[in-house]
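Before any comments, here is the structure.
The values are calculated or read from the model by the stated rules, or taken from the named source; none is laboratory data. This one's a predicted model, so the numbers in the text were calculated from it and none came from an experiment. Note: ideal-geometry Cβ built from the backbone for every residue, glycine included; neighbour counts use all protein chains shown. Please note that ligands, DNA and RNA were not included when accessible areas were found on the heavy atoms of the full protein model with its side chains. Shrake-Rupley method; radii C 1.70, N 1.55, O 1.52, S 1.80 Å.
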Amino acid sequence: MSTETEHDLFGDVDLKWEHAKNRLFLWVIFAASMFGVAMLALLLLDIGTDFYVGLTEFNISLTDFLTRDGSRREELSGFRGAIVASIMLMILTAVLAFFVGVGSAIYLEEYAPDNRVTRLIEANLANLAGVPSIVYGLLALAAVVNGIGTGPVLMAGAIALGLLVMSIIIVSSQEALRAVPDSVRNGSYATGATKWQTIRGVVLPAAIPGIMTGTILALARAIGETAPLLMVGAIFVNRMPSGPFDRFSGMPTQIYAWAAEPSPHFIHLAAIGIVVLLTFLFVMNGLAMYIRHRYETEI
Amino acid sequence: MSTETNPTRGITGDGAAQADRVANRRVRRILFGCAAITVLTTLAIFFVLIDNAVSYFYGLRFTEALLGASLEKSVTLTEFFTGTRWAPDHATPGHGILPIVFGTLSITVGAAFVSIPIGTATAIYLSEYASEGVRSKLKPTLEILAGIPTIVYGYFAIAFINPVVLSPIAETLFGIHLGRYSMLSGMLVVGIMTIPMVSSISEDAMSSVPDELRNGAYALGATKYDVSTRIVLPASISGVLASYILAVSRALGETMAVTLAAGFNAQITANPFDEIMTMTAYMVSMARGTSAVGTIEYQSLFAVGLVLFVMTLVMNLLNDRLKRRFQEEYR
Amino acid sequence: MMARDPDDRNPASKPRETEETDTTMATAQLEDELITTEVETGSTERAGRPDETVVATTGLTVHYGDDQALWDVDIEIPVHKVTAIIGPSGCGKSTFLRSINRMNDQIDGCRIGGELHFHGKNVYDEDVDPVALRRKIGMVFQKPNPFPKSIYDNVAYGLRVQGKDDEVDLDAAVEDALRGAALWDEVKDKLDESGLELSGGQQQRLCIARTIATDPEVLLMDEPTSALDPVAASKIEDLIDELVEEYTVVIVTHNMQQAARISDKTAVFLNGGELVEFDRTATIFENPADDRVEDYITGKFG
C-alpha cells in the first residue's frame, strides 16, 4: 500500500508520452470543433455589422427597404418585390412538391414490393438529392422557359425549386412513415380496413407532424436557393410579380444582384436583404421545431 | 358491410369489399405515378442536357438531328476537352473547357483540405469525447452552418474574407494586390460550408461502432486516443469516406458562394490569390445576360452543365456504394 | 420461453437462453451429481498450492447513479488460480469484475467506494492510471468482440498500443499468443483474414489471444462461453485450465457446472450485489456455510 510498492507495480509502464499525446489530440480536435462555431459566429457578426452600418451610415430606412421595390438607383432600392416573389415561389413550390413527394413516400414505404423497380426508384432518389441545384435550373430553363415557352416567369422558378426539394420531402416523409409502429397498422387491419383506409385513417395522421416538419425544412432550403432562379432568368427584375406567370426576382437573386455590384451602398443593401432572408429561415426552422416537439410525445 | 345478414358476402369479394379493393388499386397506381415522377426527373435532366449539349457541338439539337436536319460542326470534342482557353462568347471564341474544369477542381480540392480534417476531427470529438451536454449544443450549432443559404456564404466571401482577411495577408506577406475575387476565398468558404456534412455524417458512422469494440481496446490498456484513431476511425471508415465524397460532390456543384468568392476569370493558375472561374460561375455569368436560345452561349451552358452533372453523378454513385457497404458492415 | 425469441435460429446462441432456465437445468443435473458422485473441481495439484492474494477488496461498493450495484464486498483473489464468480443475473457479478480493471470508469454516473488492492496498491487511488492498470489486468468479454481487422492485427493490437511492438518480435509474439489460446493451428494459414470471419468460439479464443499477447498478470473473463455452443465452450474451459499456469483467472459465469468444473475458488453473489460466500469451490458446492447459497446451488431459488 506504500508508494514504493506502487512504484514497483507500474514502474514498467511509462505513460507520460501517451498522456501528452492524448492531451494534444484532445486539444487539436476540440480546436477543430470550435473552428466551425467560430466561423458561424464570424459570419453572423459580419452580417450584423454590415446590417447596422447600412442602417446608420448609409441611412437605409428599414421601412423603405421593406416597402419599396428594387431600383437601379441605390438610394431608392427596396426588397418588397423580392419578398413577395419569394413567398409566392414558396407557396407554389409547396403545392408542386408536397403531394407528389408525400405520395411517393407512401408508395415506397407502404406499397412498394421489394423488386428491381423499387430499388431503382430508391437509388435514383439518393442520386437526385446530390444533383447540383444549378442543374435543376438548367432543366427548367430548357424545358419550361424555352421548351413550353413561358419565358423567365415565376412558375418556371417554382418548378425548378419543386423538383429540387421533392427528393428531400420524400426522404423525410419516408422517415416519418417508418416511425409509425406496425401495431398501429395491424390494429386498423384487424377492424377490416383496406390498406388505403389504414394509411389514410391511421398511418398518415400519425405521420403528418413528421411530414410537415420535413416539408417546412425543405421549403426553407428552397427559399434560400439562388442558382436555379438565376438559370431561369430571375435577375434584373425590380418590380413585384403580379402572378405566377410574371417575371420576377426572389430574395436570394436580389441579394446576389446587389452583392455583385461594386458600390458599397449596394453591398449594404445586400446585408440587410440577408438579414431579412435569414429571419424567414429562422421563423421556418422555429416552426418546424415547434411542430416536432409539440407532437413528438403523441406518437 | 352487412356481414350479419350474409357473412360470405364480405369475404368472397363482392359488394363493398370489392369496391374497396378497386379503390385501393387505383390509389396504388396514383401513388406509383408520384414515385415514377422522380425517375422521370432524372431522365428529363439527362435528356435536356444531352439534347442541348449536342447543339453546342453540332449546331443543332439532337432532336432536330433526328428529324433530318443536316449536321454542321461548330465545336470539336477535341477542342472542348483539350483546349485551354474558355471564351465561347468572345469575338474570337475559345472552346476549351479545361480552365473552368480547373477552377471547379481547384476549389473542390482546396475546400476538401479545409472540410475533411476539420470535419473529421469534429466528428471524433463529438462521438468519442464530448459530454452529452456539449454534444447536444455543438451538433445543432454546426448544423446551422449547413442550413445557411450559399448566397450568404458568397456575401461573407466578398464582403469579409476576401477584403478583410485575405487582402492584408496577400499585401503584407506576398506583396500581391488582391482584387475583388480570389481562388483562396472560394476554397475557404466552400470548405467552411461543407464542414457540417463531413462532421455530421462521420459522427453518425462513428457512433454506430459498437461499444464492445471500444471496451475490448480499453481492456488492453489502450488510451482514448488509441481507441479513437485505431479502432473507431478504421471501423467506421466507409461511412467516413462517404461523408468525404458527399462534401466533395457538394463542392463540385456549389454555385453562389464560388461565384461571389472566386470570380469570372477563366484561367489556369497556381496562385491562390488569382481570380478564377468555376463551371458553375460560368453558367451564372451566362444567365446574367439572359442569352437567347440558339446562340452559342446558350448552348455552351448545357455542354458545361452536362460535364458538371456527370462529375457529380460519379461522386453520388460512389457515395451510394460506400454508404451501402457501411450499412452491411453494421447490421 | 422459447417462443419469446422466434427469430433467433442461430445455434451458436442457443446456450444464451434466459438465465433462469439455464440455472435450473444446471442445478437439477448438479443435484444428481451431488448425490451420486463427488463433484470434480479444478486440478487437485493446483488446489493444494497455498493461496497468495493478488487482488483484494475491502468494503467495495459500486453505485450506478442512484442504484447501488455492489454492497461492501470483501474478497481475496489468489494468484495462479481460477476464481469463479457465480450468482443470479443482476447480482452484480459483472460489475464486480469490471471494477477490478476499472472498466467501470467508462460508464457515466458510476461511483466506487471502498478499496480494491492489486498487489497491495489501491487501484482507485488518485495516482493510479487506469490505462496502466488495464495493461496488467486483461479482460475477455461475454460476446466475442474481435476488432474489424485481420487476425494478425487483432493479436498485435495490444502490443502496438502499449508500444511494445518494437521491443519484441511481433510475428513471434502473435504466434505465441495464438498458440497460447489454442488457435494457432486453425488460423496459421489465414492470418491476413478478418477476425470477423472466424466462428464464434474461434473469435472468443482470438480475443483471449489478443489479451494474453500483452502478457497481463490477471485475466478477467465475463461469461466468456455464454454466447458459444457447447463444443466451443468446452474448448475455452480446457484453455482456462492451461492459462491458469501462467495467469490468475477470474471468471464470471452463470453456469454452475462450469464453475464447479474449472474453478479453485468460488464467490457467490446474491441479493442484488452482496457477496454472500467465498470459499474453496468444493466447499461451496458440497457444504456451503450459508443457507441462501445452499438454496441457490440446489436451485431452490434464482
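Residues of the stretch B:116-149 being closer than 14 Å to A:LEU40 by Cα and open to solvent by less than 20 Å² (accessible area, probe 1.4 Å), which ones?
B:LEU138, B:LEU142, B:LEU145, B:ILE148, B:PRO149
Scan the stretch B:140-160 for residues that are more than 7 Å from chain A (Cβ to nearest Cβ), at pLDDT 95 or above and either over 17 Å from the mean Cα position of the chain (by Cα) or farther than 19 Å from B:PRO196 by Cα (or both) and report the count.
Going through the stretch B:140-160 one residue at a time, the tally reaches 1.
If we keep just the residues of the stretch C:92-104 that are within 14 Å of another protein chain (Cβ to nearest Cβ) and part of a loop (DSSP other than H, G, I, E, B), which is surrounded by the most Cβ atoms within 10 Å (Cβ to Cβ)?
Applying the filter and picking the extreme gives C:ASN101.
Does the stretch A:134-150 contain any residue that is closer than 30 Å to A:ARG239 by Cα and touching a Lys or Arg at 6+ places or on another chain (Cβ under 9 Å)?
Restricting attention to the stretch A:134-150, the residues satisfying the condition of being closer than 30 Å to A:ARG239 by Cα are A:134-150.
Restricting the remaining residues to those that are touching a Lys or Arg at 6+ places or on another chain (Cβ under 9 Å) gives none.
Checked against the condition, which is being closer than 30 Å to A:ARG239 by Cα and touching a Lys or Arg at 6+ places or on another chain (Cβ under 9 Å), the stretch A:134-150 yields no hits at all.
For the stretch A:103-120, state whether one or more residues are buried (at least 24 other Cβ atoms within 10 Å of the Cβ), closer than 22 Å to A:GLN197 by Cα and more than 8 Å from chain B (Cβ to nearest Cβ).
Yes, because at least one residue in the stretch A:103-120 is buried (at least 24 other Cβ atoms within 10 Å of the Cβ), closer than 22 Å to A:GLN197 by Cα and more than 8 Å from chain B (Cβ to nearest Cβ).
Yes/no per residue for (1) over 20 Å from B:ARG85 (Cβ atoms); (2) outside the structural domain of B:GLY96 (by TED's automatic domain parsing); (3) open to solvent by 10 Å² or more (accessible area, probe 1.4 Å):
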| position | (1), (2), (3) |
| --- | --- |
| B:LEU260 | yes, no, no |
| B:ILE268 | no, no, yes |
| B:PHE273 | yes, no, yes |
| B:MET283 | no, no, no |
| B:MET286 | no, no, yes |
| B:ALA292 | yes, no, yes |
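Name the residue that is least open to solvent (accessible area, probe 1.4 Å), counting only residues in the stretch A:224-250 that are aromatic (Phe, Trp, Tyr) and over 24 Å from the mean Cα position of the chain (by Cα).
Selected residue: A:PHE236.
Can you tell which of C:VAL123, C:VAL161, C:VAL140 is open to solvent by less than 20 Å² (accessible area, probe 1.4 Å), within 13 Å of chain B (Cβ to nearest Cβ), among the β-branched types (Val, Ile, Thr) and under 22 Å from the mean Cα position of the chain (by Cα)?
Sole residue among the options that is open to solvent by less than 20 Å² (accessible area, probe 1.4 Å), within 13 Å of chain B (Cβ to nearest Cβ), among the β-branched types (Val, Ile, Thr) and under 22 Å from the mean Cα position of the chain (by Cα): C:VAL140.
Please go through (1) modelled with pLDDT under 90; (2) closer than 30 Å to C:ARG261 by Cα; (3) open to solvent by 20 Å² or more (accessible area, probe 1.4 Å) for C:ILE107 and return the number of the only condition it doesn't satisfy.
(2)
With respect to C:LEU170, is the statement that it is without any contact (Cβ under 8 Å) to a residue 40 or more places away in the chain, more than 7 Å from every other protein chain (Cβ to nearest Cβ) and open to solvent by less than 50 Å² (accessible area, probe 1.4 Å) true?
When the stated conditions are applied, C:LEU170 passes them.
Applying the selection to the stretch A:124-161, what residues are more than 8 Å from every other protein chain (Cβ to nearest Cβ), of a type in the set (Val, Ile, Thr) and surrounded by fewer than 24 Cβ atoms within 10 Å (Cβ to Cβ)?
If the condition is that a residue be more than 8 Å from every other protein chain (Cβ to nearest Cβ), of a type in the set (Val, Ile, Thr) and surrounded by fewer than 24 Cβ atoms within 10 Å (Cβ to Cβ), then A:VAL144, A:ILE148, A:THR150, A:VAL153 are the ones that fit.
Among the listed residues C:LEU239, C:LEU228, which satisfies the condition of being farther than 21 Å from C:ASP74 by Cβ, modelled with pLDDT under 90 and open to solvent by less than 10 Å² (accessible area, probe 1.4 Å)?
From the options C:LEU239, C:LEU228, the qualifying one is C:LEU228.
Are any residues in the stretch C:246-302 in a loop (DSSP other than H, G, I, E, B) and within 15 Å of the chain's Cα centre (by Cα), and if so, which ones?
Passing the criteria: C:TYR247, C:THR253, C:HIS254, C:ASN255, C:SER263, C:ASP264.
Identify, please: which residue in the stretch A:63-79 is open to solvent by 70 Å² or more (accessible area, probe 1.4 Å) and touching a residue at least 40 places away in the same chain (Cβ under 8 Å) and is, among those, nearest to A:TYR256 (Cα to Cα)?
A:ARG72
So is A:ALA259 open to solvent by 20 Å² or more (accessible area, probe 1.4 Å) and small (Gly, Ala, Ser) or not? Working first, answer last.
Numbers: open to solvent by 20 Å² or more (accessible area, probe 1.4 Å): no; small (Gly, Ala, Ser): yes.
The answer is no for A:ALA259.
Identify the single condition in (1) within 14 Å of chain A (Cβ to nearest Cβ); (2) under 13 Å from C:PHE269 (Cβ atoms); (3) of a type outside the set (A, V, I, L, M, F, W, C) that C:SER89 does not satisfy, given that it satisfies every other one.
Of everything listed in (1) within 14 Å of chain A (Cβ to nearest Cβ); (2) under 13 Å from C:PHE269 (Cβ atoms); (3) of a type outside the set (A, V, I, L, M, F, W, C), C:SER89 misses just condition (1).
So which helices (runs of 4 or more DSSP H) are wholly in the stretch A:215-299 and hold at least 2 residues that are more than 11 Å from every other protein chain (Cβ to nearest Cβ)?
Of the helices (runs of 4 or more DSSP H) lying wholly inside the stretch A:215-299, those with at least 2 residues that are more than 11 Å from every other protein chain (Cβ to nearest Cβ) span A:264-296.
Count, please, the residues in the stretch B:282-313 that happen to be part of a helix (DSSP H, G or I), under 21 Å from A:VAL145 (Cβ atoms) and more than 7 Å from every other protein chain (Cβ to nearest Cβ). Don't jump to the end; show me each part of the working.
Our first condition is that a residue be part of a helix (DSSP H, G or I); within the stretch B:282-313, this holds for B:282-288, B:296-313.
After this cut, where a residue has to be under 21 Å from A:VAL145 (Cβ atoms) as well, the list is B:282-288, B:296-306, B:308-309.
When the remaining residues are screened for being more than 7 Å from every other protein chain (Cβ to nearest Cβ), the result is B:282, B:285-286, B:296-300, B:303-304, B:306.
Summing the residues that are part of a helix (DSSP H, G or I), under 21 Å from A:VAL145 (Cβ atoms) and more than 7 Å from every other protein chain (Cβ to nearest Cβ) in the stretch B:282-313 gives 11.
Residues in the stretch C:247-302 that are open to solvent by 10 Å² or more (accessible area, probe 1.4 Å), over 30 Å from C:ASP215 (Cβ atoms) and aliphatic (A, V, I, L, M): how many?
3
So, in the stretch A:28-37, of the ones that are open to solvent by 50 Å² or more (accessible area, probe 1.4 Å) and within 17 Å of B:GLY191 (Cα to Cα), which residue ends up farthest from the other protein chains (Cβ to nearest Cβ)?
Within the stretch A:28-37, the match that is farthest from the other protein chains (Cβ to nearest Cβ) is A:MET34.
Condition check ((1) outside any strand (DSSP E or B); (2) touching a helix residue (DSSP H, G or I) at 6+ places or on another chain (Cβ under 6 Å); (3) of a type in the set (D, E, K, R); (4) closer than 23 Å to C:GLU274 by Cα) across all residues:
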| position | (1), (2), (3), (4) |
| --- | --- |
| C:VAL73 | no, no, no, yes |
| C:GLU115 | no, no, yes, yes |
| C:VAL128 | yes, no, no, no |
| C:ARG135 | yes, no, yes, no |
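Can you find a residue in the stretch B:30-53 that is part of a helix (DSSP H, G or I), in contact with a Ser or Thr (Cβ under 7 Å, 6 or more places away or on another chain), modelled with pLDDT of 70 or more and more than 30 Å from A:PRO113 (Cα to Cα)?
Within the stretch B:30-53 (the criterion being part of a helix (DSSP H, G or I), in contact with a Ser or Thr (Cβ under 7 Å, 6 or more places away or on another chain), modelled with pLDDT of 70 or more and more than 30 Å from A:PRO113 (Cα to Cα)), the answer is yes, since at least one residue qualifies.
Within the set of pairs 6+ apart or on separate chains, which have a first residue in the stretch A:203-224 that is over 24 Å from A:VAL275 (Cα atoms) and assigned by TED's automatic domain parsing to the domain that holds A:TYR290, a second that is of a type in the set (A, V, I, L, M) and open to solvent by 30 Å² or more (accessible area, probe 1.4 Å), and C-beta atoms under 6 Å apart?
Correct list of pairs: A:ALA206/A:ILE299.
Hey, B:HIS177 hits all of (1) at pLDDT below 90; (2) part of a helix (DSSP H, G or I) but one; which does it fall short on?
Going through (1) at pLDDT below 90; (2) part of a helix (DSSP H, G or I) one by one, B:HIS177 breaks only (2).
Got at least one residue in the stretch B:66-78 being more than 9 Å from chain A (Cβ to nearest Cβ), under 25 Å from the mean Cα position of the chain (by Cα) and surrounded by 13 or more Cβ atoms within 10 Å (Cβ to Cβ)?
Going through the stretch B:66-78, the residues more than 9 Å from chain A (Cβ to nearest Cβ) turn out to be B:66-78.
Add one more test, that the residue is under 25 Å from the mean Cα position of the chain (by Cα), and what stays is none.
No: zero hits.
Every residue in the stretch C:175-189 that is touching a Leu at 6+ places or on another chain (Cβ under 9 Å) and assigned to a loop (DSSP other than H, G, I, E, B), please.
C:ALA181, C:ALA182, C:LEU183, C:LYS188
So which of B:THR84, B:THR92 ends up being assigned to a loop (DSSP other than H, G, I, E, B), open to solvent by 80 Å² or more (accessible area, probe 1.4 Å) and touching a residue at least 60 places away in the same chain (Cβ under 8 Å)?
B:THR84
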